[in-house]
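Asker: Starting off with a structure, shown below.
Since every read-out is calculated from the coordinates, none of them should be taken as a lab result. Fair warning: this is a prediction, and the values are worked out from it, not measured in the lab. As a convention, Cβ positions derive from the backbone with ideal geometry for all residues, glycine included, and neighbour counts pool all protein chains shown.
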Amino acid sequence: MQIIRHYEHVPPGLRGAVYALGNFDGVHLGHQQVIGKAAEIANELGAPLGVLVFEPHPQQFFFPDRPFFRLTPFRAKARLLEGMGVDILAALPFDQAMSQKLAPEFVLDVLVNGLHAVHVVAGYDFRFGKGRGGDAAALSYMGGMEGYGVSIVEEVQSGGVTYSSTRIRELLANGDPRGAAALLGHWWTVETHIQQGDRRGRTIGFPTANLSLEEHVLPALGVYAVKVEIEDGPHKGVYDGVANVGRRPTFDKQDVLLEAHIFDFEGDIYGIHAAVSFIEYLRPERKFDGLDSLKAQIAKDSVRARDVLAALPRK
């Protein structure tokens, strides 16, 4: 997959693609319908399949002081899109200049004269241009004027529930990663580098891989059954584990940290990039009266997590 960071001076070999338009935070099943439609059209036209997103997310540009909300920061989103067969990811900077482009300017500057898109696909609620002044109808109208094709994907639901990033965030905040996964079409995952912590877990027999949530949305604090994928190095692979997301009140900590204990694992993985997939919420975080009671509870959590993970369908 080729990544384009600017729409000006796009190499000739990357022009003329079919583009799915949107932020695609989470790359959930609704997003997958939009990208899938673009893939069908790209195949029919013999054109590359592209996805256009903005980095940073426009909400981060307009509201920089708001808490992190992203389901999939850029690296995770890129990995998911590449897995869907996307040829070109146009990750365009959302800056002051982009925020001031009127809808017609966005179409002419970015889609027509920049990317040379031959067809674009968007969801029914897609908005673009200064003040979100352009909508799906405007995109279609301007496509007819400028000579590119337009397809609009209607609202996608299952059981009366609309696939939406907002609803997925709510499910994660309520400790329902399985419900979130049902809308995502994949497990919700935190991807970042493993940090060196205070190594306290080793002293009680449960060493942990420590990861910062960084730009990820904050899920319910507590203990989860997880899958841990180590992406490179001699320990590359996918492992079962149990993880705590929280402030570690037993040790009077305040910062939120993701601590994952990988079952039956030994090895130095500090600095390695890892992906922790949240499978099931086991219990809320709580304060213990000492290391012995904490150790006993982690042992119980580990048994439950192993049972949960053993029950997952085998691929």
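Asker: Under a crude label model (7 Å from the Cα following the beta-carbon direction), how far is Glu170 from Arg79 in nanometres?
Answerer: Result: 2.8 nm between the two label points.
Asker: Given the convex hull over the Cα atoms of segment 1-61, what projected area results after averaging over all orientations, in nm²?
Answerer: Numbers: hull surface 19.0 nm².
Averaging across all directions leaves 4.8 nm² for the Cα convex hull.
Asker: Something else about it: Can you pull a Stokes-Einstein diffusion coefficient for segment 187-310 at 37 °C (0.692 mPa s), Rh from Kirkwood over Cα pairs, as a whole number of µm²/s? The partial results should precede the final answer.
Answerer: Details: Rh = 14.4 Å.
The diffusion coefficient I find is 228 µm²/s.
Asker: Another question about this same structure. Considering only DSSP beta bridges with both partners in segment 2-158, what is the antiparallel share in %, to the nearest 5?
Answerer: On the way: 1 of 23 bridges.
In segment 2-158, DSSP labels about 5 percent of beta bridges as antiparallel.
Asker: Determine by what factor the alpha-carbon radius of gyration of the chain differs from 2.2 N^0.38 Å, reporting the quotient.
Answerer: Details: Rg = 21.8 Å, N = 315, 2.2 N^0.38 = 19.6 Å.
Ratio of Cα Rg to 2.2 N^0.38 Å: 1.11.
Asker: For Gln100 and Arg15, calculate 0.36 nm times their separation in residues minus their Cα-Cα distance, and state this gained length in nm to one decimal.
Answerer: Working: separation 85, 0.36 × 85 = 30.60 nm, distance 2.46 nm.
Between Gln100 and Arg15, full extension yields an extra 28.1 nm.
Asker: Once you place label points 7 Å from the Cα toward the Cβ at Gln196 and Glu231, how far apart are they in nm?
Answerer: Rounded to a tenth, the inter-label distance reads 2.2 nm.
Asker: Counting Lys and Arg as +1 and Asp and Glu as -1, what is the net charge of the other residues whose Cβ lies under 15 Å from the Cβ of Ser158? Don't skip to the answer; put the middle values down first.
Answerer: Values: positive: Arg167, Arg178; negative: Glu154, Glu155.
Once positives and negatives cancel, what remains is 0.
Asker: Compute the angle between helix 291-310 and the longest alpha-carbon principal axis of the chain, please, reported from 0 to 90 degrees and rounded to the nearest 10.
Answerer: 50 degrees
Asker: Taking each pair of different alpha-carbon atoms in segment 106-166 once, compute 1/r for the pair, average those values, and report the inverse of that mean as the Kirkwood hydrodynamic radius in Å to one decimal. Intermediate results must be reported in sequence, preceding the final value.
Answerer: On the way: mean 1/r = 0.0793 Å⁻¹.
Computed over Cα pairs of segment 106-166, the Kirkwood hydrodynamic radius comes out at 12.6 Å.
Asker: When the chain is fully extended, how far beyond the present Cα-Cα distance does His186 get from Met1, taking 0.36 nm per residue of separation? Intermediate results must be reported in sequence, preceding the final value.
Answerer: Working: separation 185, 0.36 × 185 = 66.60 nm, distance 2.06 nm.
So the chain would gain 64.5 nm between His186 and Met1.
Asker: Further question on the same structure: Any chance you could give the angle, 0 to 90 degrees and rounded to 10, that helix 136-146 forms with the longest Cα principal axis of the chain?
Answerer: 40 degrees
Asker: Can I ask one more? If you restrict to DSSP beta bridges whose two residues both lie in the chain, what percentage is antiparallel, to the nearest 5? Walk me through the numbers on the way to the answer.
Answerer: Values: 38 of 61 bridges.
Of the beta bridges lying entirely in the chain, close to 60 percent run antiparallel.
Asker: Testing the spin-label approximation: label points 7 Å from Cα along Cα→Cβ at Arg247 and Ala311. State their distance in nm.
Answerer: Using points 7 Å along Cα→Cβ, the separation is 3.2 nm.
Asker: How large is the Kirkwood hydrodynamic radius of segment 2-158, in angstrom, based on all distinct alpha carbon pairs?
Answerer: Working: mean 1/r = 0.0641 Å⁻¹.
After inverting the pairwise mean of 1/r, the radius is 15.6 Å.
Asker: In deg cm²/dmol and to the nearest 500, what is the mean residue ellipticity at 222 nm of the chain if only DSSP H runs of at least 4 residues count, each as -39500 (n - 2.57), divided by the residue total?
Answerer: Numbers: 9 runs with 88 residues, N = 315.
Roughly -8000 deg cm²/dmol at 222 nm, from the helical runs in the chain.
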